[in-house]
Amino acid sequence: MPKIKKEVIIGIFIALLIVVILAPLASSNPDGLERVAEDLAFLERADGREVISSPLPDYEVPGLENKTLAGILAGITGTLLTFALMMILAKLIATSKKNKQMS
């Protein structure tokens, strides 16, 4: 397993710290798209027709009653998953470039 640079670890820590501090301050109002759907009265027609199901819908953790903690956990999960996917993508790109230079 390749060594992760100190700067990357610090960046992850800062991102997670921001999630923990700011997640409880997030607005409970609907986002722009959801608000338009409410205003135009077609939001309820979409219920149960999700294109992709989410493991953490609406930033909630199934079975966890505390909404603040659920939002924090959802944010931490999203941050770590995004980091992991970007590390995999970076590794694939680096490997691809290395293979092109060798041929």
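You will find that of Ala15, Ala70, the residue that is among the hydrophobic types (A, V, I, L, M, F, W, C) and without any contact (Cβ under 8 Å) to a residue 60 or more places away in the chain is Ala70 and no other.
Listed here are the residues, each with its yes/no results for (1) of a type outside the set (Asp, Glu); (2) within 19 Å of Ala84 (Cα to Cα); (3) over 15 Å from the mean Cα position of the chain (by Cα); (4) at pLDDT 85 or above.
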position: Lys3; (1), (2), (3), (4): yes, yes, yes, no
position: Glu7; (1), (2), (3), (4): no, yes, yes, yes
position: Ile12; (1), (2), (3), (4): yes, yes, no, yes
position: Ala15; (1), (2), (3), (4): yes, yes, no, yes
position: Ile18; (1), (2), (3), (4): yes, yes, no, yes
position: Leu22; (1), (2), (3), (4): yes, no, no, yes
position: Leu33; (1), (2), (3), (4): yes, no, yes, no
position: Leu40; (1), (2), (3), (4): yes, no, yes, yes
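The values are calculated or read from the model by the stated rules, or taken from the named source; none is laboratory data. Predicted model only: the values in this text are computed from it and were never measured. Positions of Cβ are backbone-derived with ideal geometry, glycine not excepted, and every protein chain shown enters the neighbour counts.
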